[in-house]
Amino acid sequence: VKVPLSMIDRDESQPRKQFDEEALQQLARSIEDNGMLQPVTLCKGSGGRYIIVAGERRFRSVKSLGWSDIPAVVMDIDQNGFRKMQMIENVVREPLNPVDFAQGLQRMVSEGMTDDEIGRAIGRDAGYVRWIVQILKCSEQALHLLAKGQLKVWVGWHLSRLSQNGQFKALRVFQMQRFSAGEMVALCERIYAEEHQTAMFNEVVLTSTETHMLRSFEAAYTRLFKMMDRLQRVEKVKCGTVSQLKLTGAE
């Protein structure tokens with residue numbers, strides 16, 4: 001069927017947030033020369049309108065050509081099916097940047113899909129899904145670099161384990177010294193170790209009651225230690241006396 005462009009809305013929560021304008025122009029020229037080889041996929045929205053499930057790049061391209069309508073397939077699918085189709089469409093046709101990809105997976109999780117279900121939908125395992133979503137813990141600066149491809153995904157994962165201050169330190173070194181991916185990972189691991197070592201030995205602030213209890217315990221332990229020491233000395237003396245008596249008796 002052909003659906004008027006004016007009746008179609010993009011899904012604001014769709015995974016792809018960034019579109020390459022040059023690639024869109026190339027696609028528009030291809031469509032203008034060869035026609036629309038594959039229709040977009042839509043689902044019914046509210047008020048008789050339609051929402052794009054798959055094919056937003058094609059939708060944008062024909063819109064730029066001034067078309068009034070577009071060939072489409074209208075599907076009746078649930079929310080999970082909707083998200084799966086969006087993700088597969090974006091990953092297969094033109095790979096998402098890692099941040100958009102991770103946000104798309106996180107949205108699928110928040111809508112009730114399990115890691116296993118998502119993994120099967122994108123041809124990966126559940127561990128990979130969790131691994132990618134982890135990078136969303138990166139700072140805004142790191143996410144920007146990841147989206148632009150200026151920071152490798154596995155470096156982003158190591159960064160995501162650091163505090164905001166730790167990430168700032170690592171990125172400052174990266175931008176000043178232009179570290180390689182391997183050097184950045186090593187730097188992140190060093191900062192991670194430093195942060196967790198510090199956390200292990202944080203100063204504990206005690207209340208007055210807790211301080212009094214601790215001092216009482218220390219005093220009791222000291223008295224017990226002294227008592228045990230005296231008992232050991234007495235035992236040694238007794239053992240020595242018994243040994244001497246035995247030796248005297250044998251003579």
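Scanning for something part of a helix (DSSP H, G or I), touching a Ser or Thr at 6+ places or on another chain (Cβ under 7 Å) and either buried (at least 19 other Cβ atoms within 10 Å of the Cβ) or acidic (Asp, Glu) (or both), does segment 144-157 turn up at least one residue? No, because not a single residue in segment 144-157 is part of a helix (DSSP H, G or I), touching a Ser or Thr at 6+ places or on another chain (Cβ under 7 Å) and either buried (at least 19 other Cβ atoms within 10 Å of the Cβ) or acidic (Asp, Glu) (or both).
Close Cβ contacts (under 9 Å, 6 or more residues apart or on different chains) running from residues in segment 29-47 that are touching a residue at least 40 places away in the same chain (Cβ under 8 Å) to residues that are open to solvent by 30 Å² or more (accessible area, probe 1.4 Å) and in a helix (DSSP H, G or I) comprise 41/85; 41/89. Checked against the criterion of being aliphatic (A, V, I, L, M) and farther than 30 Å from residue 81 by Cβ, the candidates 121, 126, 181 yield just one match: 181.
Residues are listed down the side, and each one gets a yes or a no for (1) farther than 29 Å from residue 109 by Cβ; (2) assigned to a helix (DSSP H, G or I); (3) modelled with pLDDT of 80 or more; (4) not charged (D, E, K, R):
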site	(1), (2), (3), (4)
12	no, no, no, no
27	yes, yes, yes, yes
32	yes, yes, yes, no
38	yes, no, yes, yes
41	no, no, yes, yes
48	yes, no, yes, yes
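Selection over segment 75-103 of residues that are surrounded by fewer than 15 Cβ atoms within 10 Å (Cβ to Cβ) and either among the acidic types (Asp, Glu) or modelled with pLDDT of 85 or more (or both) gives a count of 3. Look at segment 159-179: where a residue is free of Cβ contacts under 8 Å to residues at least 24 places away in the same chain and among the β-branched types (Val, Ile, Thr) and a partner is in a helix (DSSP H, G or I) and open to solvent by less than 50 Å² (accessible area, probe 1.4 Å), sitting 6+ places away or on another chain with Cβ atoms under 8 Å, you get 173/187. Only one entry of 168, 179 meets the criterion of being over 15 Å from residue 102 (Cα atoms) and part of a helix (DSSP H, G or I), and that entry is 168.
Could you give me the residue pairs with C-beta distances under 8 Å whose first residue belongs to segment 3-26 and is at positive phi, whose second residue is modelled with pLDDT under 70 and surrounded by 12 or more Cβ atoms within 10 Å (Cβ to Cβ) wherever it lies, and which are 6+ apart or on separate chains? Close Cβ pairs satisfying both conditions: none exist.
The values are calculated or read from the model by the stated rules, or taken from the named source; none is laboratory data. Fair warning: this is a prediction, and the values are worked out from it, not measured in the lab. All Cβ positions, even for glycine, are placed from backbone atoms using ideal geometry, and neighbour counts span all protein chains on display. All accessible areas refer to the heavy atoms of the entire protein, side chains included, with ligands and DNA or RNA removed. Shrake-Rupley method; radii C 1.70, N 1.55, O 1.52, S 1.80 Å.
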